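S.K.: Got a structure for you, questions after.
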Amino acid sequence: MLGLFIVIYLLITVLIGVYASKFIKSEKDYLLAGRSLPLSLSTFALFALWFGSETILGAPSEFVEKGLIGVIEEPFGAALCLFLAGLLIIKPLYRMNLLTFGDFFKVRYGKKVEIISSFFLIVSYFGWIAAQFVAFGIVFKTITGLNTNLSILIGFFVVVFYTYIGGMWAIALTDFIQTIVIIIGLSFAFYEIYNQIPSISEIFNKLPPDFFRFYPEFNLKDILAYITAWIIIGLGSLPGQDLFQRFMSSKSEKVAVYSSYFAGFMYLTVALIPLFLALFGKFLIPTENQIDLPTIIMQKCSFITQVLFFGALVSAILSTASAAILAPSAILSENILKYLFPSLTDKTLLFITKISVLFVAFLSLIIAFSGSSIYELVASSSVITLVSLFAPFIFGLYSKKVSSKFALISMLSGFISWFVLEFIFKYEFSVLVGFFISNFVILFEIITKKGVNHA
């Protein structure tokens, strides 16, 4: 019966995608919803951006095991990114009237840097998309009893269909409904679980004394790990096409800024609910093994709450997956394939973008079937933009002293140093090294040269 309700919900999502297709008249409509989203749709779209499998499935387990210090990256780093976006980047980018984030590198540094940056942007999304497919497969299997691979395929076809047919309009409309489902579902679950625990104080008294510690131990290793946790999403997602598409779809600069702040506040509050649900559930279902949030809901909540919770979980996964698919597809069509087929009409460009959606989704599906865990898939892709694009983006946005040559060196040196240290030497703080080198290259030019950009 639970599976039937979720299937009905998926069908409704598909129908929304069909409805959204009526608004698509051009590539701008498809990629940026015609830059016409009001505050409500824009806020909910930004909130739903990263509120996916990691938020409901990954972070709660980390919270129960490691305490507050274990969830700095998610949700606190994600909320930080939304606040920083409103503070630092939305206004200048919105005024540039760009179609994709790759266009920034074209305008600022030239064609060569645009293509290299586009490559890093595209590659960074495959593992993230695959992780959402895997998460959907696990959840749908839990609900319906189907095998995991078939469940992954169902999620693949649903999210690809409404993304392909409706673009950013479909994402915005479904995000609006999905966010409402997320908030209601988590609230119902929290209410039922909270009423079953003996008392808050009794639970808190059984926790380790430093469970809610928000800062690291005063030693170099813990401090470096703490900094890494903050910047992976907090800074690394600022130069992201998915974030760019969400705020650039707003109907005005003011709406874009306010929606980023509101979404950041929502993320800080709503994303805390799964953490405490998992904590309370640990005491309601005593076991030496780690227990996940879906199991807690299935064992301790009423049927209606199960429907709402799993509806919320499916919503979170779909919203993240759809955004992650459209983002690299936009970059691939607009900043790479466009050069291979000059003099294309807008209608043809729209067709190429839709084909790119299918290509990106299919390649991600293959990765999803590789057998990697959700954590491994996310970890393999979440730092790429941080070590390669953050420095040339931020410094290029605010300084005219950064040249195309040094922007390119910054991208390549940051990425290569991280890649070598991470996958060859297995160095624990490879992310920080790559981030430092990338920023150092840009700062070196700014400090030592007086010239302006010569792209």
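S.K.: Restricting attention to segment 38-49, does a residue exist that is in the same structural domain as residue 312 (by TED's automatic domain parsing), under 27 Å from residue 303 (Cα atoms) and at pLDDT below 90?
M.R.: Checking segment 38-49: at least one residue is in the same structural domain as residue 312 (by TED's automatic domain parsing), under 27 Å from residue 303 (Cα atoms) and at pLDDT below 90.
S.K.: Select, from 227, 203, the only residue that is assigned to a helix (DSSP H, G or I), over 23 Å from the mean Cα position of the chain (by Cα) and either outside the structural domain of residue 392 (by TED's automatic domain parsing) or at pLDDT 95 or above (or both).
M.R.: Unique residue meeting the criteria: 203.
S.K.: A follow-up question, please. Evaluate the following for residue 192: is it in the same structural domain as residue 266 (by TED's automatic domain parsing), in contact (Cβ under 8 Å) with a residue 60 or more places away in the chain and in a helix (DSSP H, G or I)?
M.R.: Yes, satisfied.
S.K.: Could you list, in sequence order, the residues of segment 239-254 that are surrounded by fewer than 23 Cβ atoms within 10 Å (Cβ to Cβ) and not acidic (Asp, Glu)?
M.R.: Scanning segment 239-254 gives 251, 252, 254.
S.K.: Where in segment 45-96 are there helices (runs of 4 or more DSSP H), lying wholly inside it, with at least 2 residues that are of a type in the set (Gly, Ala, Ser)?
M.R.: 59-66, 78-84
S.K.: Which one of the conditions (1) in a helix (DSSP H, G or I); (2) of a type outside the set (Phe, Trp, Tyr); (3) under 14 Å from residue 239 (Cα atoms) does residue 100 fail to meet, given that it meets all the rest?
M.R.: It is condition (1) that residue 100 fails.
S.K.: Name every residue in segment 174-191 that is crowded, with 23+ Cβ neighbours inside 10 Å and among the small types (Gly, Ala, Ser), in order of residue number.
M.R.: 185, 189 - these are the residues of segment 174-191 that are crowded, with 23+ Cβ neighbours inside 10 Å and among the small types (Gly, Ala, Ser).
S.K.: Additional query: Looking only at helices (runs of 4 or more DSSP H) that lie completely in segment 261-371, which have at least 3 residues being surrounded by fewer than 16 Cβ atoms within 10 Å (Cβ to Cβ) and without any contact (Cβ under 8 Å) to a residue 24 or more places away in the chain?
M.R.: 346-368
S.K.: Also, I was wondering about something else. Restricting attention to segment 435-455, and to residues there that are over 27 Å from residue 232 (Cβ atoms) and crowded, with 16+ Cβ neighbours inside 10 Å, which single residue is modelled with the highest pLDDT?
M.R.: 453
Residues checked against (1) small (Gly, Ala, Ser); (2) closer than 25 Å to residue 171 by Cα:
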site	(1), (2)
213	no, no
223	no, no
226	no, no
268	no, yes
292	no, no
299	no, no
302	yes, no
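S.K.: Continuing with this model, one more query. Being surrounded by fewer than 21 Cβ atoms within 10 Å (Cβ to Cβ), farther than 25 Å from residue 264 by Cβ and modelled with pLDDT under 95 narrows it down to one residue among 123, 134, 107; which is it? Reasoning before the result, please.
M.R.: On the way: 134 fails: surrounded by fewer than 21 Cβ atoms within 10 Å (Cβ to Cβ); 107 fails: modelled with pLDDT under 95.
Only one candidate passes the filter, namely 123.
Each row is one residue, and each column tells you yes or no for (1) aromatic (Phe, Trp, Tyr); (2) in contact (Cβ under 8 Å) with a residue 40 or more places away in the chain; (3) surrounded by fewer than 22 Cβ atoms within 10 Å (Cβ to Cβ).
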{"site": "3", "(1), (2), (3)": "no, yes, yes"}
{"site": "19", "(1), (2), (3)": "yes, yes, yes"}
{"site": "38", "(1), (2), (3)": "no, yes, yes"}
{"site": "45", "(1), (2), (3)": "no, yes, no"}
{"site": "49", "(1), (2), (3)": "no, yes, no"}
{"site": "78", "(1), (2), (3)": "no, yes, no"}
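S.K.: Would you confirm whether any residue within segment 171-182 is among the hydroxyl-bearing types (Ser, Thr, Tyr), touching a helix residue (DSSP H, G or I) at 6+ places or on another chain (Cβ under 6 Å) and more than 15 Å from residue 41 (Cα to Cα)?
M.R.: No, segment 171-182 contains no residue that is among the hydroxyl-bearing types (Ser, Thr, Tyr), touching a helix residue (DSSP H, G or I) at 6+ places or on another chain (Cβ under 6 Å) and more than 15 Å from residue 41 (Cα to Cα).
S.K.: State all residues of segment 359-381 that are out of contact with any Pro (no Cβ under 9 Å at 6 or more places or on another chain), modelled with pLDDT of 70 or more and not polar (S, T, N, Q); if no residue qualifies, say none.
M.R.: 359, 361, 362, 363, 365, 366, 367, 368, 369, 371 - these are the residues of segment 359-381 that are out of contact with any Pro (no Cβ under 9 Å at 6 or more places or on another chain), modelled with pLDDT of 70 or more and not polar (S, T, N, Q).
S.K.: Separate question: Determine which single condition residue 210 fails, assuming it passes every other condition in (1) farther than 15 Å from residue 273 by Cβ; (2) part of a helix (DSSP H, G or I); (3) touching a residue at least 24 places away in the same chain (Cβ under 8 Å); (4) not hydrophobic (A, V, I, L, M, F, W, C).
M.R.: It fails just one condition, (2).
S.K.: Here is a list of conditions, (1) part of a loop (DSSP other than H, G, I, E, B); (2) modelled with pLDDT under 90; (3) under 25 Å from residue 1 (Cα atoms), and residue 177 meets all of them except one; can you say which number that is?
M.R.: (1)
The values are calculated or read from the model by the stated rules, or taken from the named source; none is laboratory data. As the structure is a prediction and not an experimental result, all values here were calculated from the model. Neighbour counts are summed over all protein chains in view; Cβ atoms, including those assigned to glycine, are modelled from backbone coordinates with ideal geometry.
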